[in-house]
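Asker: To start, I am sharing the structure in question, which I have written as structure tokens.
The values are calculated or read from the model by the stated rules, or taken from the named source; none is laboratory data. All values derive from a computational prediction rather than experimental measurement. Because the Cβ atoms are built from the backbone with ideal geometry, glycine has one as well, and the counts that use them run over all protein chains shown. Areas reflect the complete protein model, heavy atoms only, side chains present, ligands, DNA and RNA absent. Shrake-Rupley method; radii C 1.70, N 1.55, O 1.52, S 1.80 Å.
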Amino acid sequence: MARKIIIDTDPGQDDAVAILLALASPELELLGITCVAGNVPLPLTSKNARIVCELANRPDMRVFAGCDAPLARPLVTAEHVHGKTGLDGMDLPDPIMALQEQHAVDFLIETLRTEPEGAITLVPIGPLTNIATAIQRAPDIIPRIREIVLMGGGYFEGGNITPTAEFNIYVDPEAAKIVFGAGVPMVVMPLDVTHKALTSRARVEAFRNAGRVGPAVASWTDFFERFDKEKYGSEGAPLHDPCTIAYLLKPDLFTGRHINVEIETESDLTLGMTVADWWRVTRRAPNATFMGGINDAGFFDLLTERLSRL
Ligand code: RIB
Ligand code: CA
């Protein structure tokens, strides 16, 4: 029986690769894609998600537009990383498939209420505004969520948008506080692990030769990696979001700890920081499996093999 998932996303080249990996994997049943404002504004993230679905020959996939701004703050975007379209690197045709009429938050609530309890895994790979709004509007869905597997946060790696905050959490820290405090079983893919999932020339060339979608994935990666290579002086860039899907397919690729993680929402200096009690120095109850290690060779082998199936 395939595992039922909903991806909540702000494409974003790395989001796009995560969506393709999910679509290429029969172990997963992608019930829908809910889009949120993040890397670029909502009109673009909801357009990009459909571009990716059509690239994968999946115009049947349901794509929903969600929240266009964080709960309590102005939107911060990341065109400096992803380009003005959010999918710079490869010119692909505008989507023909339509957005679903239903709001993404209503889709999340309705689906969680109608599917059997514990049947659905949520995979947020952008700011957590949609997920938090659904939880606030319908707290009855909390026990119905099997697990949340998200990309966000950082501890040893610090932040990537400020010295202490990772982008997805920083954009909507109030939403992150709600999600991390909801009591849903959570797996967190922070920068501590995604910064070990680095591309290289050989890995990008392997993408390029990975079937029909390979050239697009390689071109996206070529564009996306320039920011991190310049900033960190590394050979390649971290492929953040696909780590969530890879975890669902092969959890043994990752190692981490079940610890307490709280979100800073008050301090201007450390807003959006994931305060991870890695050494368990507090009595705060563990609320997340916070990943720190990855078998990066195994990750890229899995990703490349699956992409070649599309
Ligand atoms: O910090 C990395 C995260 O922010 C990724 O999800 C990337 O797509 C951006 O949304
Ligand atoms: Ca993302």
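Asker: Do the alpha carbons of any pairs in K196/K229; K47/K231; K84/K177 sit beyond 20 Å of each other, and which pairs?
Answerer: Result: K47/K231; K84/K177 exceed 20 Å.
Asker: Using a 1.4 Å probe on the protein heavy atoms only, what accessible surface does E305 show? Give it in Å² to the nearest 10.
Answerer: Accessible surface of E305 is approximately 80 Å².
Asker: Just add up the charged neighbours of S25: K/R +1, D/E -1, any other residue whose Cβ is under 15 Å from the Cβ of S25.
Answerer: So the surrounding residues net to +1.
Asker: Please report the net charge: other residues with Cβ closer than 12 Å to the Cβ of V40, K and R +1, D and E -1.
Answerer: -3
Asker: Quick check on packing: order 195-207, 239-251 by the mean number of other C-beta atoms within 10 Å, highest mean leading.
Answerer: The peptides rank, most packed first, as 239-251, 195-207.
Asker: Could I ask something else about it? Would you mind calculating the relative contact order of the range 2-146 from Cα pairs under 8 angstrom and at least 6 residues apart, reporting the percent as a whole number?
Answerer: 30 percent
Asker: Loop only by DSSP, 13 or fewer other Cβ within 10 Å of the Cβ. Give me the trypsin sites (Lys or Arg not before Pro) in the range 25-118 that pass, ordered by residue number.
Answerer: Within the range 25-118, the qualifying trypsin sites (Lys or Arg not before Pro) (loop, at most 13 other Cβ atoms within 10 Å) are K84.
Asker: Provide the net charge surrounding K196, with neighbours chosen by a C-beta distance below 10 Å and charges set as Lys +1, Arg +1, Asp -1, Glu -1.
Answerer: Value of the local net charge: -3.
Asker: I would also like to ask the following. Based on the Cβ-Cβ distance of D301 and R226, what FRET efficiency does E = 1/(1 + (r/R0)^6) give at R0 = 41 Å, to the nearest 0.05?
Answerer: About 0.95, to the nearest 0.05.
Asker: May I ask you to derive the relative contact order of the range 199-310, considering only C-alpha pairs under 8 Å and at least 6 residues apart, and to give it as an integer percent?
Answerer: Computed value for the range 199-310: 31 percent relative contact order.
Asker: Over the chain, what is the mean sequence separation of C-alpha contacts under 8 Å (at least six apart), divided by residue count, expressed as relative contact order in percent?
Answerer: Normalised by residue count, the contact order of the chain is 19 percent.
Asker: If a/c stays under 1.5 just call it rounded; otherwise compare a/b with b/c (prolate if a/b is bigger, oblate if not). Do that for the range 203-254, with a ≥ b ≥ c from the square roots of the Cα gyration tensor eigenvalues.
Answerer: Oblate shape, in that a/c is at least 1.5 and b/c is the bigger or equal ratio.
Asker: If you don't mind, there's one more thing I want to ask. Summing -39500 (n - 2.57) over the DSSP H runs of n ≥ 4 in the chain and dividing by its residue number, what mean residue ellipticity at 222 nm do you reach, to the nearest 500 deg cm²/dmol?
Answerer: -10500 deg cm²/dmol
Asker: For the chain, list log₁₀ I(q)/I(0) at each q in 0.14 Å⁻¹, using the Debye formula over Cα point scatterers of equal strength and ignoring solvent, two decimals each.
Answerer: The calculated log intensity ratios at q = 0.14 Å⁻¹ are -1.00.
Asker: Further question on the same structure: Principal axis lengths of the range 172-310 from Cα atoms, whole Å, largest first?
Answerer: Its Cα atoms span 49, 31, 24 Å along the three principal axes.
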